[in-house]
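A quick write-up on the structure given underneath.
The values are calculated or read from the model by the stated rules, or taken from the named source; none is laboratory data. In this text the structure is predicted, and so the values were computed from the model without any measurement. Glycine gets a Cβ as well: all are built from the backbone with ideal geometry, and neighbour counts include every protein chain shown. To get the accessible areas, we keep the full protein, side chains included, count just its heavy atoms, and leave off ligands, DNA and RNA. Shrake-Rupley method; radii C 1.70, N 1.55, O 1.52, S 1.80 Å.
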Amino acid sequence: VQLQASGGGLVQAAGSLRLSCAASGSIFSIYALGWYRQAPGKQRELVAAITSGGRTNYADSVKGQFTISRDNAKNTVYLQMNSLKPEDTAVYYCNAHQYNGADYWGKGTLVTVSS
C-alpha cells in the first residue's frame, strides 16, 4: 500500500485546511484509513480514522472540529480541519490499517497554525 498525502501548510488560528491522502496498491486489504499527528516533543496520536464501511473514530480533542471522509471511488481519505488552533500544529501522517493488522504510513505533511 502506498499513501500520498497533501494539503498541509500555514494557516492562521480559526482558519481551515483540508488534508487529502490517496491510497494505491493493495486497496482491497485496507480496513481503515486515518490521520495521525505528531507535535514537537510529543508522541504520535490518532486524530481520526474511517473504516471501509464508513464508521468513524475521532480523538476527543478534535471532535466537532475535524471531519474525516472517504471517497472509495478515488481511494482517497480527507480530513477537513476547521477552527484551527495553534495546538493543532503538528506533522500529520496518513495511515492505512490492513485487515491483517499491518499498518502503512504516508510521508507526513506539516500543518502550522499561527496565533
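With the full set of protein chains in place, find how many percent of the accessible area of the chain is carbon and sulfur; take the probe as 1.4 Å.
Exposed carbon and sulfur together represent 48 percent of the surface.
With a cut-off of 13 Å, note down the residues of the stretch 1-20 whose backbone N falls inside the zone around a label point 7 Å from the Cα of Gln65 toward its beta carbon.
From the stretch 1-20, the list is 13-17.
Between Asn72 and Thr56, what is 0.36 nm times their sequence separation minus the Cα-Cα distance? Round to one decimal in nm.
4.3 nm
Select from Lys63, Lys85, Lys42 the residue whose mean-square fluctuation is largest in a Gaussian network model of the chain (Cα-Cα springs shorter than 10 Å).
Comparing Lys63, Lys85, Lys42 in a Gaussian network model of the chain, the most mobile one is Lys42.
Just the number please: accessible area per residue for the chain, 1.4 Å probe, all protein chains included, in Å².
Working: 6090 Å² over 115 residues.
Value returned for the chain: 53 Å² of accessible area per residue.
Assign unit charges at the C-beta atoms only (+1 for Lys and Arg, -1 for Asp and Glu), then state the dipole size of the stretch 64-115 relative to its Cα centre in Debye, rounded to the nearest 20.
120 debye
Assuming R0 = 22 Å, what is the FRET efficiency of Ile27 and Leu110, from their Cβ-Cβ distance, to the nearest 0.05?
Efficiency, from the Cβ-Cβ distance: 0.25.
With N residues in the stretch 1-56, what two-decimal value do you get for its Cα radius of gyration over 2.2 N^0.38 Å?
Numbers: Rg = 13.4 Å, N = 56, 2.2 N^0.38 = 10.2 Å.
Compactness ratio reported: 1.32.
Counting pairwise Cα distances across the chain, what percent come out greater than 17 angstrom? Please list the in-between numbers first.
Numbers: 3224 of 6555 pairs.
The proportion of pairs with Cα distances above 17 Å equals 49 percent.
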